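The values are calculated or read from the model by the stated rules, or taken from the named source; none is laboratory data. Predicted, not measured: the structure shown is a model, and the values here were computed from it. Neighbour counts are summed over all protein chains in view; Cβ atoms, including those assigned to glycine, are modelled from backbone coordinates with ideal geometry.
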Amino acid sequence: MVVRVQAESFDFGAESNAFAARATGAGAVVTFCGLVRDNGGALAGMEIEHYPGMTDSALRAIEAEARARWSLHDTLIVHRFGPMAPGEVIMMVATAARHRADAFAAAEFLMDYLKSRAPFWKKELGAEGATWVAARDEDEDALRRW
Amino acid sequence: MTLTVLYFAWLRERIGHPRESVDTEATTVAELVAELIARDERYAFTFSDLRAVRVALDQQLAEFDAPLAGVREVAFFPPMTGG
C-alpha cells in the first residue's frame, strides 16, 4: 500500500505499469485517474487546497477500510494539490487483487470515499474569476451504497 | 483553554487568515462557533449557514455537538471535493 500527496505532476502510465509489475500473485489490476476538465475551454486552471495534517491519515484510513472489505494484494493512491492546468492528472488510484471483482469494487470504493472524506478542496479558475467547486449531493449519496 | 483553529477554502478566504490561536471556555464545537460569531461580521458571515461547514477535531471529522475536552486543533472547512 502506498499513499502519496504531492504538488508535482506524475506519469499515470508509468505509475500504473510499475504498480502492475510489483503486484506479484495478483490476477487483476484496476486503475483510475482523475483529470482537470476544461469545461469546453472555459476553465483556465484549477487550484487544489488540502489540510496537510489530516490528508495523509484520512487517505490511509480509507485505504485500510478497503483492505478490510476486499481481498487486495496492493493499493496505490496518489493525489496532487496546488495549481494545475486543464487536462493535467489530478489523482489516481490503483488496486490489485486475485480476481477483477475485488479490484473493481475496491477502486470504486476508494474513489467514492476520496471524493467526500479526504480533505481536498478544488477551486476552478475561469475567465470570470475563481470559484470553489461545490460538493455534489450525489457524491455524498454514493457513500451509502457501501 | 487555548486552541489552534484552522480555516480552509472559502472559510479561510472569508475569515482572512488560515489559522489562529483562540482562548476559549467553550466546551463544544457549537459553543466555540457561537463565540467566534460574536466576535465580528466576518465570523458571523462565515458561519451563517452551518450546513455548509464541516469540522475536524485533531484531524478527525466530528460533529458540532462534539466536546472540546483534550482537543488541541479545530479545523473548519466546506464539504470536501477530492478525487
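Computed quantities for the displayed model
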| item | result |
| --- | --- |
| Residue, nearest to the other protein chains (Cβ to nearest Cβ), within the range A:87-111, restricted to residues that are under 24 Å from A:S9 (Cβ atoms) and surrounded by fewer than 17 Cβ atoms within 10 Å (Cβ to Cβ) | A:E88 |
| Test: residue in the range A:82-102 that is under 16 Å from A:R4 (Cα atoms), of a type outside the set (S, T, Y) and assigned to a helix (DSSP H, G or I) | no |
| Residue under evaluation B:A56, criteria (1) assigned to a strand (DSSP E or B); (2) in contact with a Leu (Cβ under 8 Å, 6 or more places away or on another chain), criterion not met | (2) |
| Among (1) touching a residue at least 40 places away in the same chain (Cβ under 8 Å); (2) away from chain B (no Cβ under 14 Å); (3) touching a strand residue (DSSP E or B) at 6+ places or on another chain (Cβ under 6 Å) - the single one A:L72 does not satisfy | (1) |
| When residues of the range B:1-53 are limited to those that are in a helix (DSSP H, G or I) and hydroxyl-bearing (S, T, Y), the one farthest from the other protein chains (Cβ to nearest Cβ) | B:Y43 |
| Residue tally, condition small (G, A, S) and under 11 Å from the mean Cα position of the chain (by Cα), over the range A:104-115 | 1 |
| Selection count, the range B:54-73, where residues are touching a residue at least 40 places away in the same chain (Cβ under 8 Å), within 12 Å of another protein chain (Cβ to nearest Cβ) and surrounded by 13 or more Cβ atoms within 10 Å (Cβ to Cβ) | 1 |
| Among the residues listed as A:S9, A:S71, the single one being within 15 Å of the chain's Cα centre (by Cα) and either of a type outside the set (V, I, T) or surrounded by fewer than 18 Cβ atoms within 10 Å (Cβ to Cβ) (or both) | A:S9 |
| Matching entry among A:I48, A:I77 (being at pLDDT 95 or above, within 17 Å of A:A105 (Cα to Cα) and within 14 Å of chain B (Cβ to nearest Cβ)) | A:I77 |
| Test result for A:L114, within 20 Å of A:P52 (Cα to Cα) and either away from chain B (no Cβ under 13 Å) or not in a strand (DSSP E or B) (or both) | yes |
